[in-house]
1. Of the numbered conditions (1) closer than 26 Å to Pro132 by Cα; (2) open to solvent by 30 Å² or more (accessible area, probe 1.4 Å); (3) free of Cβ contacts under 8 Å to residues at least 60 places away in the same chain; (4) hydroxyl-bearing (Ser, Thr, Tyr), Ser60 satisfies every one except a single condition; which is it?
2. For region 84-107, give me each residue that is closer than 21 Å to Glu143 by Cα and out of contact with any strand residue (DSSP E or B) (no Cβ under 8 Å at 6 or more places or on another chain).
3. Considering only region 99-116, I want to know if a residue exists there that is polar (S, T, N, Q) and closer than 21 Å to Phe178 by Cβ.
4. Just checking, which of Glu98, Glu89 is of a type in the set (D, E, K, R), buried (at least 22 other Cβ atoms within 10 Å of the Cβ) and closer than 23 Å to Tyr214 by Cβ?
5. Pairs needed: first member in region 194-205, at pLDDT 95 or above and charged (D, E, K, R); second member anywhere, part of a strand (DSSP E or B) and crowded, with 16+ Cβ neighbours inside 10 Å; C-beta distance under 7 Å; at least 6 residues apart or different chains.
6. How many of the residues making up region 99-117 are among the polar types (S, T, N, Q) and not in a strand (DSSP E or B)?
7. Residue by residue through region 16-25, note down the ones that are open to solvent by 40 Å² or more (accessible area, probe 1.4 Å) and either touching a residue at least 24 places away in the same chain (Cβ under 8 Å) or in contact with a Phe, Trp or Tyr (Cβ under 7 Å, 6 or more places away or on another chain) (or both).
8. Identify the residue in region 163-183 that is over 19 Å from the mean Cα position of the chain (by Cα) and over 21 Å from Ile201 (Cβ atoms) and, among all such residues, is most open to solvent (accessible area, probe 1.4 Å).
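The values are calculated or read from the model by the stated rules, or taken from the named source; none is laboratory data. Keep in mind that what you see is a predicted model, and the values were worked out from it rather than measured. FYI the Cβ positions are ideal-geometry reconstructions off the backbone, even for glycines, and counts take in every protein chain you see. Heads up: the accessible areas ignore ligands, DNA and RNA and are worked out on the full protein's heavy atoms, side chains in. Shrake-Rupley method; radii C 1.70, N 1.55, O 1.52, S 1.80 Å.
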Amino acid sequence: MTTYHTPRGGHPGQEQLLTDRAVFTEAYAVIPRGTMRDITASALPHWEGTRAWIIARPLSGFAETFSHYVMEVGPGGGSTRPEPDPGAEGVLFVTRGEGVLELEGRHPLRPGSYAFLPAGSDWRLRQAGEGPISFHWIRKAYEPVAGIAAPRPAILHDDEVAPTPMPGTEGRWATTRFVDPADLSHDMHVTVVTFQPGAVIPFPETHVMEHGLYVLQGKAVYRLNRDWVEVEAGDYMWLRAFCPQACYAGGPGPFRYLLYKDVNRHAALPRRMAV
């Protein structure tokens, strides 16, 4: 059975050391799972019985295209007005508990559920079952293109989508793609990347896409810019455009992470005022 790490909050004891792996550089940030405590959680307008860890938000000069929340909705909680920005699209990925998503019908949610929410969607979410529901909520301002229709909602499950292996890896490195990468209506992809023990990204990827990587399962050593860092389930890596990156999966089980990247659009150019 697939498991997905979920933060539980709480607070460290006074006997613990300050030392941890948290770092924020000019090219990347590592937010270890131990930083997602009660003291760093936020409440959100129009969400009942809910707390959120905001682990990425647009920052000028860093990663500018998206925000990434880890949500925890307690019994009886949820929202009938979840998204304040009518121009924002979103993706939900559930890691714990059960809920119901209302979007062109009612859809039960469970660990591994994925939902793409187009900009302007009339959606609602409520907790169901006995315990809290926890999920990732990734938000981006949608970039429409003349002549291309906006994307439709998509509600799927991790178990229902066969991972696509990277060529030449014999399936040791694979990506679960919830939408067609050739569909130009989408301007962001949120996928699950899986490495079997010992699998690698064998070159330093360096590209224009910004990334958010939340480790769902396992551990690895990740190359970020000039540094090698150890990461484990519950850690988050936040990469600006062109930050070199590579990976070596450590085992003993699979290393899996939820990945955001911006795609399929021209690079915006600065506008100069006429003289």
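1. (1)
2. Scanning region 84-107 gives Pro84, Pro86.
3. Step one: filter region 99-116 for residues polar (S, T, N, Q), giving 113.
Within this subset, residues satisfying the condition of being closer than 21 Å to Phe178 by Cβ are 113.
Yes; the residues of region 99-116 include at least one that is polar (S, T, N, Q) and closer than 21 Å to Phe178 by Cβ.
4. Details: Glu98 fails: buried (at least 22 other Cβ atoms within 10 Å of the Cβ).
Residue meeting the stated conditions: Glu89.
5. Glu205/Gln245; Glu205/Ala246
6. Going residue by residue through region 99-117, those that are among the polar types (S, T, N, Q) are 113.
If we keep only those that are not in a strand (DSSP E or B) as well, we get none.
Result for region 99-117: 0.
7. First, pick out the residues of region 16-25 that are open to solvent by 40 Å² or more (accessible area, probe 1.4 Å): 16-24.
Arg21, Val23 - these are the residues of region 16-25 that are open to solvent by 40 Å² or more (accessible area, probe 1.4 Å) and either touching a residue at least 24 places away in the same chain (Cβ under 8 Å) or in contact with a Phe, Trp or Tyr (Cβ under 7 Å, 6 or more places away or on another chain) (or both).
8. Per the criteria, the residue is Ala182.
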